[in-house]
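The values are calculated or read from the model by the stated rules, or taken from the named source; none is laboratory data. Remember, it's a predicted structure, so these values are computed and weren't measured experimentally. Methodologically, a virtual Cβ is constructed for each residue, glycine included, from the backbone with ideal geometry; neighbour enumeration extends over all protein chains shown. Heads up: the accessible areas ignore ligands, DNA and RNA and are worked out on the full protein's heavy atoms, side chains in. Shrake-Rupley method; radii C 1.70, N 1.55, O 1.52, S 1.80 Å.
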Amino acid sequence: GNIFAQQPSYFSDLDETLPTVLQVFNNILHKCGLQCEGASAEPQKLEEKVSVTPGNMPLQELKDIVLYLCDTCTTLWAFLDVFPLASQTFQKHEFCYRLASFYELAIPELESAIKKRHYEDNSVFADLWRRISHSRKKTIEVFHILINQVCLQPILE
């Protein structure tokens, strides 16, 4: 059996962990100078108004963000892929809405920044493009698992 079946208290652990997972997406948006709807929009300090975007940030920072995003999306997908029943707990946190908002704000912005940038070394571009494409694919797959479990399965049962 699965560890959640053996230890139902893990569901409440997951429930307590999800705000931290959502915060990862907010952190990425913040680093990209983007604001998420429905996020606890803290007022920006005036001196923070220097607009950093994926297009003008240092290359290393863009690399770090894309790597962080890729790791996060892959891990989320791997978890839900082996344990789709966790979807109900994810949805308690409006995860689909938050994920969709994040996707719409961040992915096109990051893709555009990666495409437009000038690279000394083309393998850096290839690697970033591969990772952002993988992130996009895994985000969509996470969304599909959640929609399937939360919306479609209950109808079919």
Residue-normalised accessible area of the chain, expressed per residue, 1.4 Å probe, Å²: 60
At q = 0.09, 0.18, 0.22 Å⁻¹, base-10 log of I(q)/I(0) for segment 41-157 (Debye sum, equal scatterers on each alpha carbon): -0.32, -0.96, -1.18
Across the chain, how many lysine pairs separated by 8 or more positions, or lying on different chains, have Cα atoms within less than 30 Å? 23
What is the packing order of peptides 13-21, 135-143, 93-101, 116-124, taking the mean over residues of other C-beta atoms within 10 Å and listing the highest first? 135-143, 93-101, 13-21, 116-124
So the carbon and sulfur contribution to the accessible area of segment 73-152, 1.4 Å probe, in percent, is 57
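Computed FRET efficiency, Cβ-Cβ of residue 97 and residue 59, R0 30 Å: what is it to the nearest 0.05?
Working: r = 32 Å, r/R0 = 1.08.
The calculated FRET efficiency here is 0.40.
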